[in-house]
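See below for the structure under consideration.
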Amino acid sequence: MSDMTRAWRQFICRACGLIYDEELGDPDSGLAPGTRFEDIPDDWECPLCGVTKLDFEPYVRREAAPAATVAVGPRGTGIVVVGAGLAGWATVEALRELDAEVPITLVSACRGDRYHKPELSLALSRGLTAESLVRETAAAAARRLGVRLYSETFVVGLSPALHQLRTTRGTLGYTRLVLAQGARPALPAVLPPALCWRVNDLAGWGGLQAQLARGPQRIAIVGAGMVGCELAEDFARAGHRVVLLDRQPQPLGRLLPEPATRRLRQSQAELGIDYRGEVDVTAVSVLADGGKCIETRCGQRLVVDQIVAATGLVTDPRLARQAGLAFDQGIRVDPLSLRTSAEDIHALGDCISLDGAPCRFIEPIGRQARAIAQALLGGDGGDYRHSVPVIRLKTRSLPIELHGTPCADGQWRVVSENDDYLLMEQRVAGHTTSTLRVGQASAA
Amino acid sequence: MNSAVALSPSSVAGLADERLFAEVRRIAAGPLAQLANRIDHEGHYPLEIMAQLGEAGALGAHLQCRGGRYDIALAAMQEVSRSCGSTGFLVWCQDVCGLYMEQSDNPALLARLSDHAQGRTFGGTGLSNPMKALAGIENMLLRARKVPGGYRISGSLPWVSHIAPGQYCGAIAAVERDDGSRSHEIMFLLDIDACVELRACPAFSGMEGTSTWRIQLDDYFVGEDGLIADPARPFIARIRAAFILLQAGMATGLVQGSLDSMREVEPVLGHVNHFLHDRPEEIQAEFEELGGRIMQLARNPFDGSKDYLLDVLDARTQGAELALRATQSALMHQGARGYLRSAAPQRRMREAQFIAIVTPAIKHLRWEMARLMKEELPA
């Protein structure tokens with residue numbers, strides 16, 4: 001009786017995926033429409049693969065796979081750009097400025113939405129979210145620029161001799177290839193990725209922001225380089241309790257001379273940032289209440305809600321190694337043409353190295369993209385002139401600006417100094433090679 | 001006809017290696033080639049060929065006890081698959097079963113390894129479902145219950161190849177606690193004895209000579225002597241790259257066979273065939289590039305790093321894609337003669353489709369590569 005009123009159910013064969021629908025039955029094997037699963041004889045066999053009733057389970061419809069944007073149409077030739085960060089999109093823009101027709105394919109490991117990465121260092125105290133940081137969705141940008149977009153697609157192999165790029169959504173041929181794959185956080189083994197946030201892209205920042213939106217928290221930032229110092233200030237301004245850890249005695253100690261780092265530390269202390277220098281993290285663990293515990297070599301034990309690793313970036317060498325591209329701290333490119341060691345492959349942005357040195361700043365990216373577009377479409381090229389960008393720290397309480405390339409063991413000299421402002425310079429062989437401004441120059 | 005071989009071991013310096021290759025080539029081009037249609041049409045299970053291959057040393061070259069020569073094992077598999085994809089698959093089954101036995105370090109299984117490696121006994125692999133289950137694609141089908149001295153296994157496993165009464169295969173079962181929850185997995189060698197029921201599987205469109213059955217287990221006992229790994233996961237993590245890498249030899253064999261077929265008709269059909277794409281030179285170039293990479297990977301199948309595994313998954317995927325293209329192109333090159341029921345090109349197309357869908361299928365390989373490459377973030 002109850003059978004008449006109960007809803008029809010479905011069962012799936014765990015072996016082959018065949019679905020048995022009670023309403024339809026399986027007339028071919030003698031099960032009339034309306035045969036309840038429990039009424040099926042035990043020796044009944046799956047009509048497709050032959051397993052028995054025991055290997056069926058209630059069928060629960062799986063959620064549809066998250067919709068990634070995948071281009072339709074031929075996967076043929078044209079320019080393929082790998083990476084949809086600032087460098088990838090800048091390349092696409094530069095190419096389109098020169099040529100409205102050339103086929104362009106963009107492959108992105110993430111969604112590929114457009115946002116301005118430096119904003120991540122200031123976004124929390126401004127109350128922004130991952131959504132509000134997006135200036136243009138990848139799909140909209142791809143439409144506007146006439147680009148075939150493969151989002152959430154990983155590049156897994158590259159064969160320059162075949163002009164073949166292999167991805168997790170199939171193999172693409174290319175006429176010219178531009179690598180803008182970026183760099184990834186260099187996580188020391190002691191900082192497990194499942195416990196430590198990294199702020200190197202929108203997804204990483206967005207995950208952390210979602211956690212921090214629940215209210216003021218204790219945050220440990222490991223690494224007091226530029227990113228670590230910027231984030232510390234942003235998080236502190238957003239009302240969180242920040243402890244900043246580094247091996248150096250002072251924040252930014254690897255880059256700046258002592259008088260400057262002392263001022264920075266003072267400024268951080270005024271914001272409530274607890275800087276702990278000369279510490280080496282030896283273990284990270286989760287406590288029963290969900291808190292995270294950091295232990296240091298010198299015996300400190302810190303309990304916080306969130307850990308952020310700001311321990312630098314590296315270029316993933318796998319693709320370059322597999323493709324036989326010259327690699328030295330990054331994909332080696334010719335400093336003028338930005339061509340890699342392989343024919344028809346250029347690279348720019350965080351993933352490259354120039355004369356063995358990576359240069360992971362925003363400023364050169366636009367010029368690099370234009371130089372590559374020129375080389376790919378204009379015939380010539382080789383007009384990129386690398387210059388060391390000015391470093392401006394987004395530390396609002398104490399602006400810091402560094403021009404030139406300071407030499408690690410060079411001597412810094414104070415040029416002028418007062419309570420609010422410090423000007424220093426480094427000279428080599430009678431020439432000023434770098435200048436450092438800390439604080440606001442008063443109207444003098 | 002004897003075009004460059006993509007999978008050529010780095011140093012076939014030794015006389016023994018040369019003799020092994022000559023013998024494999026003789027078997028593949030002679031008796032196996034003659035049997036290929038019987039295998040394909042009648043489902044003949046060519047154990048007599050497997051025994052010859054075993055005697056020649058082609059089924060154990062990759063084992064550590066024989067020097068761990070994955071390059072030789074792959075090249076031999078390529079040569080066999082060039083003549084018959086079904087038999088190439090049997091070689092892979094036998095090879096990975098030997099891998100399980102040797103890596104188990106179980107003295108009882110090591111004692112059986114020599115016969116296995118020489119093709120005096122035969123064993124396959126039932127890891128299709130477990131491999132997908134461990135990757136999160138589907139559920140584990142066999143269930144184990146701890147009992148004194150071992151485990152009792154129940155459940156049914158479809159599509160297990162290269163098995164028959166008196167043979168054996170590797171298998172994995174999820175261990176259930178009394179309350180039905182699952183604690184871990186065990187891996188064991190399943191001896192096909194009177195307690196194991198083999199049931200027929202529906203016919204496939206190809207690969208019918210691989211003796212593929214559905215296994216039904218009802219409280220089957222596995223003791224110490226049969227255990228390959230307990231727990232199974234660390235073991236699988238260790239052997240997974242080698243397991244997948246070995247499959248590449250089947251793909252390159254089909255590509256090689258397809259190149260043979262394309263070139264065979266060049267004298268008579270070359271004047272029209274040059275209007276086709278995926279010409280032999282194009283396929284050959286990709287074949288050699290892929291082959292070179294596979295031979296590099298064969299040097300260190302237990303590398304264990306994530307990058308290495310990605311390289312293996314990539315090469316295996318590329319092999320499957322290339323086999324699909326090459327076999328299709330060979331049929332286009334041969335035209336009607338390749339479409340004959342007795343012709344190799346149409347058979348190879350079905351064999352290549354199998355390579356593309358056998359676990360891990362192209363879609364599983366890409367799923368796994370995406371999973372490995374996705375950056376892990378805190379929960």
* Selection from segment A:291-333 of residues that are surrounded by fewer than 19 Cβ atoms within 10 Å (Cβ to Cβ), assigned to a strand (DSSP E or B), touching a residue at least 60 places away in the same chain (Cβ under 8 Å) and not hydrophobic (A, V, I, L, M, F, W, C) -> none
* Determine which member of the set B:Gly88, B:Gly67, B:Gly57 is under 24 Å from B:Gln296 (Cβ atoms) and without any contact (Cβ under 8 Å) to a residue 24 or more places away in the chain. => B:Gly67
* Asked: What single numbered condition from (1) surrounded by fewer than 24 Cβ atoms within 10 Å (Cβ to Cβ); (2) touching a strand residue (DSSP E or B) at 6+ places or on another chain (Cβ under 9 Å); (3) at pLDDT 95 or above fails to hold for A:Pro257?
  -> (3)
* To do: Hey, can you tell me all the residues within segment B:29-65 that are part of a loop (DSSP other than H, G, I, E, B), among the small types (Gly, Ala, Ser) and more than 16 Å from the chain's Cα centre (by Cα)?
  => B:Gly43, B:Gly57
* Structure fact -> Those residues of segment B:66-121 which are assigned to a loop (DSSP other than H, G, I, E, B) and farther than 18 Å from B:Met207 by Cα amount to B:Gly67, B:Gly68, B:Arg69, B:Asp105, B:Asn106, B:Gln118, B:Gly119, B:Arg120, B:Thr121
* **Members of segment A:166-186 that are more than 11 Å from every other protein chain (Cβ to nearest Cβ), closer than 20 Å to B:Asp278 by Cβ and assigned to a strand (DSSP E or B)** => A:Leu172, A:Gly173
* Structure fact -> Note on segment A:271-304: residues hydrophobic (A, V, I, L, M, F, W, C) and under 19 Å from A:Glu233 (Cβ atoms) are A:Leu271, A:Ile273, A:Val304
* Of all the residues that make up segment A:203-221, how many are crowded, with 24+ Cβ neighbours inside 10 Å and either farther than 26 Å from A:Gly83 by Cβ or touching an Asp or Glu at 6+ places or on another chain (Cβ under 9 Å) (or both)? -> 3
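Results for (1) more than 26 Å from A:Glu270 (Cα to Cα); (2) in the same structural domain as A:Gly272 (by TED's automatic domain parsing); (3) in contact with a Gly (Cβ under 9 Å, 6 or more places away or on another chain); (4) in a loop (DSSP other than H, G, I, E, B), shown as yes or no for each residue.
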site: A:Ser337; (1), (2), (3), (4): yes, no, yes, yes
site: A:Ala342; (1), (2), (3), (4): yes, no, yes, yes
site: A:Asp350; (1), (2), (3), (4): yes, no, yes, no
site: A:Ser353; (1), (2), (3), (4): yes, no, yes, no
site: A:Asp383; (1), (2), (3), (4): yes, no, no, yes
site: A:Arg413; (1), (2), (3), (4): yes, no, no, no
site: A:Ser416; (1), (2), (3), (4): no, no, no, no
site: A:Asp419; (1), (2), (3), (4): no, no, yes, yes
site: A:Ser434; (1), (2), (3), (4): yes, no, yes, no
* To do: For residues that are crowded, with 19+ Cβ neighbours inside 10 Å and polar (S, T, N, Q), tally how many sit in segment B:130-166.
  => 2
* Asked: Across segment B:317-333, which residue is nearest to the other protein chains (Cβ to nearest Cβ) among those that are surrounded by fewer than 23 Cβ atoms within 10 Å (Cβ to Cβ) and of a type outside the set (A, V, I, L, M, F, W, C)?
  -> B:Glu321
* To do: Look through A:Ala194, A:Ala269, A:Ala189, A:Ala224 and report the one residue that is without any contact (Cβ under 8 Å) to a residue 40 or more places away in the chain, away from chain B (no Cβ under 13 Å) and not in a helix (DSSP H, G or I).
  => A:Ala189
* Asked: Could we say that B:Ile215 is within 14 Å of chain A (Cβ to nearest Cβ), touching a Phe, Trp or Tyr at 6+ places or on another chain (Cβ under 6 Å), in contact (Cβ under 8 Å) with a residue 40 or more places away in the chain and farther than 30 Å from B:Leu372 by Cβ here?
  -> no
* Listed residues B:Gln346, B:Gln353; which is more than 20 Å from the chain's Cα centre (by Cα), away from chain A (no Cβ under 11 Å) and outside any loop (DSSP other than H, G, I, E, B)? -> B:Gln346
* Single match in A:Ser132, A:Ser125 (criterion: surrounded by fewer than 23 Cβ atoms within 10 Å (Cβ to Cβ) and part of a loop (DSSP other than H, G, I, E, B)) -> A:Ser125
* **Of the criteria (1) more than 11 Å from chain A (Cβ to nearest Cβ); (2) among the aromatic types (Phe, Trp, Tyr); (3) in contact (Cβ under 8 Å) with a residue 12 or more places away in the chain, which one B:Tyr308 fails** => (1)
* Verdict on A:Ala194 being in contact with a Leu (Cβ under 7 Å, 6 or more places away or on another chain) and surrounded by fewer than 22 Cβ atoms within 10 Å (Cβ to Cβ) -> no
* Provide a single number: the residues in segment B:368-379 that are over 20 Å from the mean Cα position of the chain (by Cα), within 8 Å of chain A (Cβ to nearest Cβ) and in a helix (DSSP H, G or I). => 2
* Asked: Pairs, please: C-beta under 7 Å, at least 6 apart or cross-chain, first residue of a type in the set (S, T, N, Q) and in segment B:265-280, second surrounded by fewer than 17 Cβ atoms within 10 Å (Cβ to Cβ)?
  -> B:Asn273/B:Glu266
* Take segment B:345-360 and flag every residue that is of a type in the set (A, V, I, L, M, F, W, C) and either in contact (Cβ under 8 Å) with a residue 12 or more places away in the chain or not assigned by TED's automatic domain parsing to the domain that holds B:Gln247 (or both). => B:Met349, B:Ala352, B:Phe354, B:Ile355, B:Ala356, B:Val358
* Members of segment B:293-304 that are more than 10 Å from chain A (Cβ to nearest Cβ) and of a type outside the set (A, V, I, L, M) -> B:Arg299, B:Asn300, B:Pro301, B:Phe302, B:Asp303, B:Gly304
* To do: Collect the residues in segment A:145-165 that are within 14 Å of chain B (Cβ to nearest Cβ), outside any loop (DSSP other than H, G, I, E, B), within 23 Å of the chain's Cα centre (by Cα) and not aromatic (Phe, Trp, Tyr), keeping them in residue-number order.
  => A:Val155, A:Val156, A:Gly157, A:Leu158, A:Leu165
* Scan A:Ile362, A:Ile307 and give me the residue that is within 14 Å of chain B (Cβ to nearest Cβ) and closer than 30 Å to A:Ala238 by Cβ. => A:Ile307
* Report whether or not A:Ala142 is away from chain B (no Cβ under 14 Å), assigned to a helix (DSSP H, G or I) and either among the aromatic types (Phe, Trp, Tyr) or in contact (Cβ under 8 Å) with a residue 60 or more places away in the chain (or both). => yes
* To do: Kindly check whether there is at least one residue in segment B:281-291 that is within 13 Å of another protein chain (Cβ to nearest Cβ), small (Gly, Ala, Ser), surrounded by fewer than 23 Cβ atoms within 10 Å (Cβ to Cβ) and not in a loop (DSSP other than H, G, I, E, B).
  => yes
* For segment A:30-58, how many residues meet the condition of being assigned to a loop (DSSP other than H, G, I, E, B) and within 8 Å of chain B (Cβ to nearest Cβ)? -> 4
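The values are calculated or read from the model by the stated rules, or taken from the named source; none is laboratory data. This is a predicted model, so every value here is computed, not measured. Cβ sites come from the backbone with ideal geometry, for glycine too, and all protein chains shown count toward neighbours.
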